[in-house]
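Before any comments, here is the structure.
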């Protein structure tokens with residue numbers, strides 16, 4: 001009797017363990033499934049097209065020229081929002097403005113621009129601690145810095161260079177640059193005029 005009782009007790013105990021294990025696996029699958037949905041929502045919120053209707057959001061390309069004497073150093077920004085695109089050219093390291101022009105933008109054109117940037121991989125990149133500071137990289141070429149900001153708060157910042165190699169921006173560099181240039185109707189006129197006025201060749 002004791003032997004059979006022990007056998008039934010063992011079977012009951014093993015069955016109980018199986019039930020507990022199954023319940024545990026079900027709970028794990030439910031939790032993981034919920035986490036996946038949450039992650040998908042977060043990723044959706046980060047897509048560029050979610051910024052179309054937000055007037056506080058801007059996307060900016062900054063081009064920093066070679067490291068050289070201040071009077072020969074150049075830098076330019078193209079900042080685009082759903083109401084305007086603005087190009088500003090600077091000379092020197094102190095932020096002296098050489099030229100600046102603003103052009104009207106609307107939500108439709110901004111949406112087309114953001115969709116094109118999205119397909120170019122504008123939000124693809126990485127920001128390891130040792131590469132957060134881009135200064136000093138490609139000193140004889142140009143650095144390209146791509147940002148997304150909302151009301152002065154920087155949401156994204158990646159960079160690449162004309163030298164290739166080290167970078168944090170993983171999108172299509174040439175396509176991204178061309179898209180920003182296309183938002184400025186007088187881009188080449190502004191660059192040429194700045195060259196005439198400064199007596200140097202801007203590397204923009």
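The values are calculated or read from the model by the stated rules, or taken from the named source; none is laboratory data. Predicted model only: the values in this text are computed from it and were never measured. So basically every Cβ, Gly included, is an ideal-geometry build from the backbone, and we count neighbours across all protein chains shown.
If the condition is being closer than 23 Å to residue 150 by Cα and free of Cβ contacts under 8 Å to residues at least 40 places away in the same chain, then the stretch 63-89 contributes 75, 77, 79, 81, 82, 83, 84, 86, 88.
Taking the conditions exactly as written (assigned by TED's automatic domain parsing to the domain that holds residue 170 and either part of a strand (DSSP E or B) or under 20 Å from residue 168 (Cβ atoms) (or both)), does residue 123 satisfy them or not?
In short, yes.
Take the conditions touching a strand residue (DSSP E or B) at 6+ places or on another chain (Cβ under 8 Å), surrounded by fewer than 14 Cβ atoms within 10 Å (Cβ to Cβ), in the same structural domain as residue 191 (by TED's automatic domain parsing) and assigned to a strand (DSSP E or B) and apply them to residue 85. Does it pass? So residue 85 does not fit the description; no.
Scanning the stretch 99-106 turns up at least one residue that is surrounded by fewer than 16 Cβ atoms within 10 Å (Cβ to Cβ), in contact with a strand residue (DSSP E or B) (Cβ under 9 Å, 6 or more places away or on another chain), more than 18 Å from residue 76 (Cβ to Cβ) and at pLDDT 95 or above. Of 123, 176, 147, all but one fail to be under 10 Å from the mean Cα position of the chain (by Cα) and under 20 Å from residue 75 (Cβ atoms); the exception is 147. Out of all the residues in the stretch 188-196, is one or more under 23 Å from residue 59 (Cα atoms), at pLDDT below 90, out of contact with any helix residue (DSSP H, G or I) (no Cβ under 7 Å at 6 or more places or on another chain) and part of a helix (DSSP H, G or I)? Within the stretch 188-196, one or more residues are under 23 Å from residue 59 (Cα atoms), at pLDDT below 90, out of contact with any helix residue (DSSP H, G or I) (no Cβ under 7 Å at 6 or more places or on another chain) and part of a helix (DSSP H, G or I). Here residue 137 meets the list (1) in contact with a helix residue (DSSP H, G or I) (Cβ under 8 Å, 6 or more places away or on another chain); (2) farther than 28 Å from residue 51 by Cα almost entirely, failing just condition (1). Please specify each residue of the stretch 54-69 satisfying the condition of being closer than 17 Å to residue 142 by Cβ and out of contact with any strand residue (DSSP E or B) (no Cβ under 7 Å at 6 or more places or on another chain). If the condition is that a residue be closer than 17 Å to residue 142 by Cβ and out of contact with any strand residue (DSSP E or B) (no Cβ under 7 Å at 6 or more places or on another chain), then 66, 67, 68, 69 are the ones that fit.
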